[in-house]
């Protein structure tokens, strides 16, 4: 039963998502597919950070009547870790910006060579 | 519940990598983000869940489709 | 073949590292030092019910400022890459018409979506949500507008002005914190008010509203650039 806790399950999910994302980045030849793999890797890392801050049986870090007058009578025993959530919040928005930037580069590359296969871009290869 | 979402997320991620059609891959990546936001909600992170649902699965997928549309127009 | 073998080797080593991490992973049972301080003292020091908001806006305000700057830079670089020539700028996007359903729902829903975005970032210190989420929701409204009518012109100057004014106001509010309170982005130069009211927690609703407007304007700007890039053929 210990292996079916939410914290452990989400940890395994995030590890597998990161590995799938790396696999896609390394094995795909199409630039758009590489960017899709990058977004999956991004999601995996965010899930990993949030799942490290999760504590079993606690609620969201918002202080209201249900937290301060709950059965524990103490904020410290009622909420999950707020710091990873604050970090991931900005990381998601940055991830969107990076994805948009990568797509703009991909569009520029496509205009230059009319192809998206990564093997065709060998100008600097020697 | 979390196990079910986890299997779905991983299946969608593998579809996103392996499928030959770019549009299906992009939609599968959007679904990965959507289920990840449900996972955030289960892990008591409603702020992160809102951001991921709006940005990861909505706006990212939209700009991917703008680029795909452009490429399709060039090719034929 | 060698390539696949190398990819497998890299993935196997990453998997091995993760397997070891998982085996030594012990679920936490208590908050660690800094999180415990934020949880215990956050409500009385900052006055915000949502502790994530207190961390994002005040305790780690510098991170947020850097993040907003990075988003601005990204939008500028995308604008540089997707710049159109004068001839292409005058063209119209060729499309096969949008459905009646999308057009009508855009007319009805877009004002409500904008209002909801404003609600989300005004209430960021009380309920889940805040500047980033509200800005993303406003940008979703803009996305619905340009999907319903692909040739709709979004006022570029309005976006630029909203972005610059909210960015400058965000920095000025941060500097006011240095002179009137404890440090950069300190929210206590306005009174903390009653815990749980809309106008409480010092300057947090003000700062987070500016962040929301700035993020919404920046993401709308990126969407606008991608929409315009469709004109070229």
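Just so you know, all these numbers are worked out from the coordinates, no wet-lab data involved. All values derive from a computational prediction rather than experimental measurement. Note that we place each Cβ from the backbone using ideal geometry, even for glycine, and neighbour counts take in every protein chain shown.
Taking the centroid of alpha carbons for each part, the stretch B:5-57 and the stretch A:76-126 are 16 Å apart.
Springs between Cα atoms under 10 Å define the GNM used for chain C, and in it the highest mean-square fluctuation of C:76, C:166, C:200 occurs at C:76. With a 10 Å cut-off around each Cβ of A:107-115, the average count of Cβ atoms from other chains is 3.
Full extension of the segment from residue C:40 to residue C:90, taken as 0.36 nm per residue of separation minus the current Cα-Cα distance, would add 12.1 nm. Measuring nothing but how far apart in sequence close Cα pairs (under 8 Å, 6+ apart) lie, relative to its length, chain A scores a relative contact order of 26 percent.
Each peptide in C:99-108, B:49-58, C:39-48, A:83-92 gets a packing score, the mean of other Cβ atoms within 10 Å over its residues, and the list from highest to lowest is B:49-58, A:83-92, C:39-48, C:99-108. Computing FRET efficiency as 1/(1 + (r/R0)^6) for residue C:103 and residue C:199, where r is the C-beta to C-beta distance and R0 is 56 Å, gives about 0.90. To the nearest 10 degrees, how steep is helix A:31-52 against the longest Cα principal axis of chain A, on a 0 to 90 scale? Taking Cα atoms only, the helix is inclined about 20 degrees.
Within the listed set C:74, C:127, C:24, the residue fluctuating most in the Gaussian network model of chain C (springs between alpha-carbon atoms under 10 angstrom) is C:24. Annotation for the stretch C:17-92 versus the stretch A:23-51: alpha-carbon center distance of 19 Å. By the gyration tensor of its Cα atoms, with a ≥ b ≥ c the square roots of the eigenvalues, what is the shape of the stretch C:1-98: rounded for a/c under 1.5, prolate for a/b over b/c, or oblate? Because a/c hits 1.5 or more and a/b fails to exceed b/c, the stretch C:1-98 counts as oblate. Principal-axis analysis of the Cα atoms of chain B puts helix B:60-75 at an angle of about 10° to the longest axis.
Taking every residue in B:33-42 and counting other chain Cβ atoms within 10 Å of its Cβ, the average works out to 5.
Mind checking the angle between helix A:6-27 and chain A's longest principal axis? C-alpha axes, 0 to 90 degrees, to the nearest 10. The answer is roughly 10 degrees. Compared with the alpha-carbon gap, the fully stretched path from residue C:165 to residue C:178 is longer by 2.6 nm at 0.36 nm per residue.
When you look at the Cβ of every residue in A:7-20, what mean number of other chain Cβ atoms sits within 10 Å?
Averaged over the peptide's residues, the number is 6.
Restricting the calculation to Cα atoms, chain A shows an Rg/Rh of 1.18 when the hydrodynamic-style radius is the Kirkwood one.
Report note on the peptides C:27-37, B:32-42: ranked by the mean count of other C-beta atoms within 10 Å, highest first, their order is B:32-42, C:27-37.
A viscosity of 1.002 mPa s and a temperature of 20 °C, combined with the Kirkwood radius over C-alpha pairs in the Stokes-Einstein formula, give the stretch B:2-75 a diffusion coefficient of 166 µm²/s. Using bins of 10 Å that start at zero, the share of Cα-Cα pairs per bin across the protein assembly as shown amounts to 4, 20, 29, 26, 15, 5, 0, in whole %. Simple spin-label estimate for residue C:76 and residue A:56 gives 5.0 nm between the two label positions (7 Å along the Cα-to-Cβ direction from each Cα). Overall shape: oblate for the stretch C:48-229, with the ratio a/c of the largest to smallest alpha carbon gyration tensor axis at 1.5 or above and b/c at least equal to a/b.
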